[in-house]
Amino acid sequence: MPDSTFKRTLQYLLASAGALALCACANVAEDAPTTPEMPQRIATPTAKPTPEQIIGKTLTGRAMAAAADSRAVDAALKVLGNGGHAVDAAIAAHAVLGLVEPQSSGIGGGAFMVVYDATTKTVKTYDGRETAPLVAHEGLFLNKDGSTMDYVTAWQSGRSVGAPGAVALYAAAHEDFGKAKWSDLFADAEKLARNGFEVTPRLHELLANERLRAAMRLDDRPGSANYFYPKDLPLQPGDIRDNPAYADLMAAIATDGASAFYKGLIPQAIESAVRSGEVPGRLTADDVETYAIVERDAICGGFRTYKVCSAPPPSSGSTAIPMILGLYERMVDGTETNKDDRLKAFVDAQRLAYADRDHYIADQDHVMVPYKELIEPEYLDARVKDRFAPDETATAGDPGAVLSGKPIIDMWGRDTSDDKPGTTHLSIVDIYGNAVSMTATVESAFGSSRWVAEGGFLLNNELTDFARTPRINGKLVANAPSSLKRPRSSMSPTIVLDADTDELVMVTGSPGGNSIIAYTAKTLLGVLEWGMSAQQSVDLPNIIARGDTVNVEIGVDGGQASADTLKTAGYSVKEREGENSGLHVIVVRGEHYEGAADKRREGKAVEIVMTPAE
Ligand code: GLY
């Protein structure tokens, strides 16, 4: 049994903004469009079945896993094929990802998990976000002269490390939902670590990337240098890399539960890694030992005939995602729109939603966050009127003024913080119809580069997701660092339900720093609004409209056309390639699941069909 001594905040309330207008179904998009076709209403696409494996068992049913690495998906499918819960499968898969995809997430980092319980038809969320040390204060990233520490120094410093939350999240979610034996969930990760795993091209490319290598300290810190740069060369694709310390820790967690991570040797080793080297931090073993998972209310916004549910603050998901969808809906309804109009509506909805998210979202346990107000239909009705010209700058709205006549905008200064990609997303549905949407992270690529040799893992640099400049014109920003506070996240693990029946419709999410919000919203509009298949929605060009510039991915079908449309309309467009999305999507299509894995990464989506043994 896992250690269940973690303090747990239980406050479950499914808040829904309620059902909105019924859709008029039309227009089936069958083939991947060459430009982002944006039909106005949901259709029922002719979905091509995702690759599936038939497994003969006494159990029956279908299940699916989509994640960033095939070995993680295989670990999940093994659990699902033995009748495990989606939560069990997510734990097994993530333990593997922490080994084979260390650039993105791991047990030295954190995660948000959203769980759909098919029996009660309810959604529950787990906040496994990294937490600032007890001694942290708003000056965490200020130099002695009061100036703001530059990003690279902060990223590689011990100050960037928060107490990791991933293993505590595993334990809490398993205690609530687990069907598989906890001790069975770490076998694949242990075996791959003990025998060695094959290095993927993506891991190699990031290790070999000269710009990244110049900024990261991975190859001049002894433990990580030996592990990632044996003989001074980055691990090559196809190399077999073992990790005995990780294997031992997986075995210990399997036997002793999460206390194998949060008590004894590992917290001490984390403290040493944080305090060593240049710009040490002040996270203590005690900060790690007292880490507490938080179960938060699932928050669902209304979009057409759906409830769109994601993780509440400090995650941005439950605010920014329903805001984009709700604003989009209000911009296109009641007018004749062509596909260019719909593209501009998507962009403008993002610009308004990101402005609000940047201003208000932070750790709700430390500051007042109007996250329910921001998705109130009455606020969205008002906010959509703030739609502004392409060359203007977005400013935050004021839900206090709109909803109660009491302005709240000046409570906080305008935030300037940014975050970088180093994250992964898993979507899983089990044979009972339960689902998990989980996004996990170490923040930047390879986190803080601080290696915990005793456990064979890297520590996060999640605290750089705080505003490094805590005050703007003397006014504290909502996301300023503070003692035991959790930094704002863009991670948006999302589950969509039918608003009338609360049946599962879709599971989605992505890595990608603050672009996660735009990436995830794209798949939701693609499937729910534009009638696309899961894969078509993932394949759409990434279009991110935060701040004054619209970033448009041009290396994919429809990207250049979208960039040109927006430029002609007067937007400041930055054409980009090499997007960091890693969308993993599952859509319920009648009796089967349709999945999609982002071609920009290395993952897969596989459905298994269980048939009773003859
Ligand atoms: N570190 C990525 C995020 O939490 O948004």
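The values are calculated or read from the model by the stated rules, or taken from the named source; none is laboratory data. Small disclaimer: the values here were computed from a predicted structure and weren't measured. Cβ atoms come from the backbone with ideal geometry, glycine included; neighbour counts cover every protein chain shown. Calculation scope for accessible area: heavy atoms of the full protein, side chains included, ligands and nucleic acids excluded. Shrake-Rupley method; radii C 1.70, N 1.55, O 1.52, S 1.80 Å.
Laid out as a table, the results:
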quantity	calculated
Violating pairs (Cα-Cα greater than 31 angstrom) within the set K344/K599; K124/K344; K339/K406; K181/K485	K124/K344; K339/K406; K181/K485
Given charges at Cβ of Lys, Arg, Asp, Glu: the chain dipole, positive-most of G196, Q535, G83	G196
Within the chain: Cβ-based charge dipole about Cα centre, in debye rounded to nearest 20 (Lys, Arg +1; Asp, Glu -1)	660
Farthest positive-ward along the range 287-333 dipole, Cα basis, beta-carbon charges - from G302, V288, P313	G302
A569 versus T611: modelled label distance in nm, points set 7 Å from Cα along the beta carbon direction	4.9
Amide H contacts under 5 Å for V573, placed H, 5+ residues apart	V550
Value of [θ]222 nm, deg cm²/dmol, for the chain, DSSP H segments ≥ 4, -39500 (n - 2.57) each, nearest 500	-8500 deg cm²/dmol
Length-normalised contact order of the chain in % [C-alpha pairs under 8 Å, at least 6 apart]	26
Surface per residue (accessible, 1.4 Å probe) for the chain, Å²	34
Positive-end extreme of charge dipole, the range 435-552 - chosen from V507, S492, L459 (charges on Cβ)	L459
Area of L140 that stays accessible when all protein chains are in place (1.4 Å probe, Å², to 10)	20
I472 long-range amide H proximity, modeled H, under 5 Å	G413, V477
Label point 7 Å beyond Cα of M411 along Cβ direction - residues of the range 346-362 with amide nitrogen under 19 Å	353-362
Of all accessible heavy-atom area on the chain, the percent that carbon and sulfur account for (1.4 Å)	50
Pair A208, E52: separation of 7 Å Cα→Cβ label points (nm)	3.9
Net length gained if the chain between E503 and A118 were fully extended (0.36 nm per residue, minus Cα distance)	137.8 nm
Nitroxide proxy distance, nm - points 7 Å out along Cα→Cβ at E378 and D232	6.9
Distribution of pairwise C-alpha distances over the range 189-332, 10 Å bins, in %	10, 22, 25, 26, 15, 3
